[in-house]
Amino acid sequence: MEQFGLHYFRCISNSTFVWKNKWIELGIGSCRDQKEFNKRDWKEDCVTAEGLYSKIAGRKVLEYDLDLFNDLDLSNNSHGYISAMDYCNGNLVICHSAGDEGGSVFTQKGLDWNYLCSFPVNEHGYPSSVLLLPSNLLVVGNSNGKITIWRLLNIRPGCCKHEVKLLHACHGHTSIVLSVDACEEIGVAVSGSRDARMKVWSLMSGNCLKTFDYSSPVLQVSFYCGSKSLLKDYNFLLVHSSEKIFLQSWKNYTNWLQKSVLEQCIVTDANILPGVHIKNETLFYCSVTMPDGQERTDFNIKRLNMPAIVGKSGDSLCTHLKVFSFQGIFRKLMQVGAVFGLLISDENIMAIDIRRGSVLFKEYVPHSVATSLTLPQVTVGAGKWLDGLLYVKRYGMLLAIAIYGKNLTLISWAPSIPEFPSKED
């Protein structure tokens, strides 16, 4: 009997089926994301993942005191506050609401941050939203309704003269710009403003190409175009206008600008929080509810019916898949991946498993008061880990970056955590 038990244990221990299912259950990654997933060592990956989970508490929360804005006192909000920030490929852009400089650019070197250059405010108002593109193009929405497009020059290791060059100053909005996004594949940027308008801008000329009017302030604009498209041969633009979420779709650039675009209202809810995301034809957003007088935040997951959204089907636009409820009110859904999501509450950054609603970790991060609804003092670092633990690397792994006064808070994985063996590499 003992020998039978030992033989059974060995069979289970060496079973590809068992370890493959455990691999998926642990959130290591998605099989369809792996080109050669049948060649993986499922058991070795699972053992490594268990080690990662046990060392989550060992992640590092590092504090930096940066001379961000030439001795500007940001500890008192009457003198200014962080008004926008973004992170891309190891570079961090931090904007503020006071002084002559509109923002500063830093680059990551290991666990240190080096100052590169600054760009001025001039007559453009203080930055209220910012987007840093992989090509080092910087799109900035400003408090006076203007859009400025900048080019970061010589932003690479070894260069001595780093600078930011203003390419275009775009006029059109009549109130503060709350959100910007851009798609270099079609050469345009979009902006959403408190004036209830969304505008389309040419990255090459800075001209306004089209204006869309809504009934309430436009809190978020997000492209899903080209390689990031939700459906082959189509491009999409998500618009969050207070109590509604719209999704525009078009087949080519000319149709979008010159003809009436197909726009579908996919969600109507009076209490939608900032931060709406689409991943693999699935919509993620948070809304506030008050069952029995208790404030709660619902994490909603809906499956989008893409043929209906592009007008090829008369079926419903989306179906509800899951909803997870959390006590209290969150501020923003920062980002989602195939496995994990990152949320902001009053004083915490929280990562959850979006398949079960369980909390992976919660970290205390204070933030200063700001006028922007999107809490610009916190941004996502290297977000590939949201697609599964398989993508966690030993070094340079940033979960999130937060600012309070002049203090930069970096949440990262502990360097002692081992890397996953990657046969695809």
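A few notes on this one:
- Residue in region 194-208 that is within 29 Å of D298 (Cα to Cα) and outside any loop (DSSP other than H, G, I, E, B) present: yes
- Region 326-358, subset in contact with a strand residue (DSSP E or B) (Cβ under 7 Å, 6 or more places away or on another chain) and exposed (fewer than 13 other Cβ atoms within 10 Å of the Cβ), residue nearest to K302 (Cα to Cα): S358
- Cβ-Cβ under 7 Å pairs, at least 6 apart or on other chains, region 299-324 side over 15 Å from Q264 (Cα atoms), far side open to solvent by less than 60 Å² (accessible area, probe 1.4 Å) and not in a strand (DSSP E or B): F299/G357; I301/I354; F324/G357
- Taking (1) among the hydrophobic types (A, V, I, L, M, F, W, C); (2) open to solvent by less than 20 Å² (accessible area, probe 1.4 Å); (3) within 17 Å of S129 (Cα to Cα) in turn, F236 satisfies each apart from (3).
- Flag for R296 being over 24 Å from S242 (Cβ atoms) and either open to solvent by 10 Å² or more (accessible area, probe 1.4 Å) or modelled with pLDDT of 85 or more (or both): no
- Filtered by the rule that a residue be of a type outside the set (V, I, T) and either surrounded by 11 or more Cβ atoms within 10 Å (Cβ to Cβ) or within 15 Å of N235 (Cα to Cα) (or both), region 304-314 gives L304, N305, M306, P307, A308, G311, K312, S313.
- Residue match in region 87-96 (condition: closer than 30 Å to G187 by Cβ, open to solvent by 30 Å² or more (accessible area, probe 1.4 Å) and modelled with pLDDT under 70): no
- Leading residue by the ranking (nearest to Y214 (Cα to Cα)) among those in region 240-278 that are in a strand (DSSP E or B) and of a type in the set (S, T, Y): S241
- Breaking point among (1) in contact (Cβ under 8 Å) with a residue 40 or more places away in the chain; (2) closer than 23 Å to K244 by Cβ; (3) among the charged types (D, E, K, R), for E185: (2)
The values are calculated or read from the model by the stated rules, or taken from the named source; none is laboratory data. In this text the structure is predicted, and so the values were computed from the model without any measurement. Heads up, the Cβs are rebuilt from the backbone with ideal geometry, glycines too, and the neighbour counts pull from every protein chain shown. These area figures cover heavy atoms from the full protein model, side chains too; ligands, DNA and RNA do not enter into them. Shrake-Rupley method; radii C 1.70, N 1.55, O 1.52, S 1.80 Å.
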